[in-house]
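Trainee: Before I ask anything, here is the structure I am working with.
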Amino acid sequence: MAAVNGAGSDNQPAKHQEVGHKSLLQSDALYQYILETSVYPREPEPMKELREVTAKHPWNLMTTSADEGQFLNMLLKLINAKNTMEIGVYTGYSLLSTALALPDDGKILAMDINRENYEIGLPIIQKAGVAHKIDFREGPALPVLDQMIEDKKFHGSFDFIFVDADKDNYLNYHKRLIDLVKIGGVIGYDNTLWNGSLVAPPDAPLRKYVRYYRDFVLELNKALAVDPRIEICQLPVGDGITLCRRIS
Ligand code: SAM
Ligand code: CA
């Protein structure tokens, strides 16, 4: 029988659950194969260290998976990103994968309501020699976006924006980010497959927070699909990421 959400068919936790990930792939073994063959051997040492430190943290389910970190790093290089933004940092795994991909004078405006978790990863980010690229702001992202919207100089100024925070605000973020990302730039919305719950039957036993946020993710996906200002591509990487390329 196919494994569900990272549990083995005998209900034993699969190996990759050590780092708290739910695979959307049909087979747990296949996901493990990807990690062991193409991801872990290529993972930069600081990212490995940060992943291992994060795995010990009680909220480690929130971290970006190693395969998604590798994907983001590659994407940023492919689009030659220089000026970027991240909403939702946690301990900084996606932030570090971004920082390592940017040129030395690249910039990341990184926002999170929780500085304590960012500080878990910060020494590793500093040791990797990329902390100078990061402008970390503690607090909710929305007021910062509103401030930037008021100042025309920020309009169309970001090459890439990664959104991985409060799912009930994604559409509020989108309303602002569409003006802040440049034409041809990319916004990546994370967790857009929401643990597979989007297609669960109405009576499916879902954890409370999964059920609560599901409607917001469904609404976001619908809105992105009909937004004429962007081209989109939804990928089953990690918990699903929707890439939006601004075209107007
Ligand atoms: N990208 C991170 C990584 O690679 O580990 C994971 C981010 S985690 C899924 C979501 C984060 O969003 C949490 O650290 C949380 O504190 C933050 N967050 C929640 N609401 C927020 C808000 N209104 N503004 C900014 N950050 C917020
Ligand atoms: Ca995420």
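The values are calculated or read from the model by the stated rules, or taken from the named source; none is laboratory data. Computed from a predicted model, the values in this text were never measured in an experiment. Positions of Cβ are generated from backbone atoms using ideal geometry, with glycine treated the same way; all protein chains shown enter the neighbour counts. Protein only, heavy atoms only, side chains kept; ligands, DNA and RNA dropped before computing areas. Shrake-Rupley method; radii C 1.70, N 1.55, O 1.52, S 1.80 Å.
Trainee: Among (1) within 16 Å of ligand 2 (Cβ to nearest atom); (2) β-branched (Val, Ile, Thr); (3) free of Cβ contacts under 8 Å to residues at least 12 places away in the same chain, there is one condition Thr98 misses while meeting the rest; what is its number?
Mentor: Every condition holds for Thr98 apart from (3).
Trainee: Then there's this: So, in the stretch 165-201, exactly how many residues are open to solvent by 10 Å² or more (accessible area, probe 1.4 Å), aliphatic (A, V, I, L, M) and within 23 Å of Tyr93 (Cβ to Cβ)?
Mentor: Residues that pass the stated criteria total 3.
Trainee: For the stretch 132-164, what are the residues that are open to solvent by less than 30 Å² (accessible area, probe 1.4 Å) and either basic (Lys, Arg) or within 21 Å of Pro103 (Cβ to Cβ) (or both)?
Mentor: Scanning the stretch 132-164 gives Lys133, Ile134, Phe136, Phe158, Asp159, Phe160, Ile161, Phe162.
Trainee: Further, regarding this structure: So which residues in the stretch 78-100 are surrounded by fewer than 24 Cβ atoms within 10 Å (Cβ to Cβ) and at negative phi, if there are any at all?
Mentor: Within the stretch 78-100, Leu78, Ile79, Ala81, Lys82, Asn83, Leu100 qualify.
Trainee: Cβ-Cβ under 7 Å, sequence separation 6+ or interchain: first residue in the stretch 56-75 and touching a residue at least 60 places away in the same chain (Cβ under 8 Å), partner open to solvent by 50 Å² or more (accessible area, probe 1.4 Å) and more than 9 Å from ligand 1 (Cβ to nearest atom). Which pairs?
Mentor: Correct list of pairs: His57/Ile120; Asp67/Ile34.
Trainee: OK, next. Filter the stretch 65-77 down to the residues that are in contact with a helix residue (DSSP H, G or I) (Cβ under 6 Å, 6 or more places away or on another chain) and open to solvent by 10 Å² or more (accessible area, probe 1.4 Å), then identify the one that is farthest from ligand 1 (Cβ to nearest atom).
Mentor: Selected residue: Lys77.
Trainee: Could you check how many residues of the stretch 126-164 are under 13 Å from Gly88 (Cβ atoms), assigned to a strand (DSSP E or B) and in contact (Cβ under 8 Å) with a residue 60 or more places away in the chain?
Mentor: Summing the residues that are under 13 Å from Gly88 (Cβ atoms), assigned to a strand (DSSP E or B) and in contact (Cβ under 8 Å) with a residue 60 or more places away in the chain in the stretch 126-164 gives 3.
Trainee: Determine, yes or no, whether Tyr90 is out of contact with any Phe, Trp or Tyr (no Cβ under 6 Å at 6 or more places or on another chain) and either assigned to a helix (DSSP H, G or I) or away from ligand 2 (no atom under 16 Å from the Cβ) (or both).
Mentor: Here the answer is no, as Tyr90 does not meet what is asked.
Trainee: Looking at Ala110, is it buried (at least 19 other Cβ atoms within 10 Å of the Cβ), at pLDDT 95 or above and in a strand (DSSP E or B)?
Mentor: Spelling it out, Ala110 is indeed buried (at least 19 other Cβ atoms within 10 Å of the Cβ), at pLDDT 95 or above and in a strand (DSSP E or B).
Trainee: State the number of residues belonging to the stretch 86-132 that are more than 7 Å from ligand 1 (Cβ to nearest atom), of a type in the set (Val, Ile, Thr) and farther than 16 Å from Ile187 by Cα.
Mentor: 4
Rundown of residues vs (1) of a type in the set (A, V, I, L, M); (2) part of a loop (DSSP other than H, G, I, E, B); (3) within 19 Å of Asp112 (Cα to Cα), yes/no style:
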site: His174; (1), (2), (3): no, no, yes
site: Leu177; (1), (2), (3): yes, no, yes
site: Tyr189; (1), (2), (3): no, no, yes
site: Leu198; (1), (2), (3): yes, no, no
site: Ala204; (1), (2), (3): yes, yes, no
site: Ala223; (1), (2), (3): yes, no, no
site: Cys233; (1), (2), (3): no, no, no
site: Val237; (1), (2), (3): yes, yes, no
site: Arg245; (1), (2), (3): no, no, no
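Trainee: Which residues, counting only those in the stretch 46-64, are part of a helix (DSSP H, G or I), near ligand 1 (Cβ under 9 Å from one of its atoms) and open to solvent by 70 Å² or more (accessible area, probe 1.4 Å)?
Mentor: Correct list: Leu61, Met62.
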